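Since every read-out is calculated from the coordinates, none of them should be taken as a lab result. The structure displayed is predicted, hence computed values, not measured ones. Please note: Cβ atoms are built from the backbone with ideal geometry, for glycine as well, and neighbour counts cover all protein chains shown.
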Amino acid sequence: MMAGTFVIEYGDAGYPPLLAETPDPPQRLYGIGDPSALRPGLAIIGSRKATPYGLRCTRQFASWAAQAGITVISGAAMGCDSEAHRTALGSGGPTVAVLGCGPDVDYPRRSADILKTMRAAHAVVSELPFGAPPTRWTFVRRNRIIAGLARAVLVVEAGLPSGTFSTADAALDAGREVLAVPGSILSAESRGSNRLIRQGALPVTDVSELAASLGMEGMLPPDASCGSRDTVVRALAADPLRPDDLARALGIDIVTAARTLGLLESSGAIVRYADGRYGLG
């Protein structure tokens, strides 16, 4: 085995306590990195075909979690998963990847750089031994580990069908909270997350709601409450709008709407389309 590897048996003192409480805990965890990173965290998962909206939501919630010292747990897949890891790394917070192959195998290949960084200073784990190749069934099995390591599972974006449903089911089986970010009814990549909410998942629309769901309201930054800029961004994420349409939708005056749009555009948070509407980039 290579330097930095570890193997934790079920029943060992270092076995993740939340994972041990799940209905089907893995008998053995193979890992690379720091095993102390396997403390209770927040699973952030979503579509591999992530839209700009999904990626933006992922960055918003993963950034807060990382800055609050909450371990961000995901599966290193393309799209929302890798964005969650990347954001946590950029925010200086802990992050753990759970793979459907050996923890030393770079899969998907495009996540190789992220996995290399995580193996050096965070943790990459699997119930499969070192060198084990990925197969379809192993990814369904690994989803229960993602859920089992977490205090709650946040689905930021999911289409239909979606692998996030197996993770959500595993979370429910383990008695964990399932959270979901609502999306536009016009977006195919939000149908799964919207369905999860219809089935009982707790909707999360901003950082303050996520913090409340985790019992961590005291960890909110001063500007995390639902201010006018956040409200405007959420409105434009659902449907690009012109200034007058935005003013009517939010019940604000046109001057305030135009001023807020200008500030958000200059900061790069939104863009102005050729037809005069504003939306996410």
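Working out 0.36 nm times the residue gap between M78 and R242, then minus their Cα-Cα distance, what length gain in nm do you get to one decimal?
Values: separation 164, 0.36 × 164 = 59.04 nm, distance 3.26 nm.
Additional length available on full extension: 55.8 nm.
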- Could you state the orientation-averaged shadow area of the convex hull built on the Cα atoms of the chain, in nm² to one decimal? 14.9
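So how much slack lies between R259 and R229, counting 0.36 nm per residue of separation and subtracting their Cα-Cα distance, in nm?
Working: separation 30, 0.36 × 30 = 10.80 nm, distance 1.03 nm.
That pair, R259 and R229, stretches by 9.8 nm at full extension.
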- Signed unit charges on C-beta, dipole axis of the stretch 5-219, positive-most listed residue S208, P161, A180: P161
- Distance (nanometres) between label positions extended 7 Å along Cα→Cβ at I252 and R198: 3.1
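What is the diffusion coefficient of the stretch 1-99 in µm²/s, taking the Kirkwood radius over Cα pairs and the Stokes-Einstein relation at 4 °C with a viscosity of 1.567 mPa s? Let's see the in-between values first.
On the way: Rh = 14.2 Å.
Stokes-Einstein gives a translational diffusion coefficient of 92 µm²/s.
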- Helical mean residue ellipticity (222 nm; -39500 (n - 2.57) per DSSP H run of 4+; nearest 500) of the chain: -12000 deg cm²/dmol
- Message: Testing the spin-label approximation: label points 7 Å from Cα along Cα→Cβ at A13 and T117. State their distance in nm.
- Response: 3.3
- Note on the structure: So K49 and R277, fully extended at 0.36 nm per residue minus their Cα-Cα distance, gain in nm 79.6 nm
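Go through 243-250, 264-271, 169-176, 39-46 and give me the packing order, highest mean Cβ count within 10 Å leading. Walk me through the numbers on the way to the answer.
Values: 243-250: 17.1, 264-271: 14.1, 169-176: 18.6, 39-46: 26.8.
Ranking, from highest mean packing down: 39-46, 169-176, 243-250, 264-271.
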- Task: Using R₀ = 22 Å, calculate the FRET efficiency as 1/(1 + (r/R₀)^6) where r is the Cβ-Cβ separation of S267 and E209; round to 0.05.
- Result: 0.45
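Using only alpha carbon pairs under 8 Å that are at least six residues apart, calculate the relative contact order of the chain and give it in whole percent. Walk me through the intermediate numbers first.
Values: 584 pairs, mean separation 44.2, N = 281.
It rounds to 16 percent for the chain.
So if we plug the beta-carbon distance of D173 and Q27 into 1/(1 + (r/R0)^6) with R0 = 22 Å, what FRET efficiency do we get, rounded to 0.05? Please report the intermediate quantities before stating the final value.
Details: r = 18 Å, r/R0 = 0.81.
According to the calculation, E is roughly 0.80.
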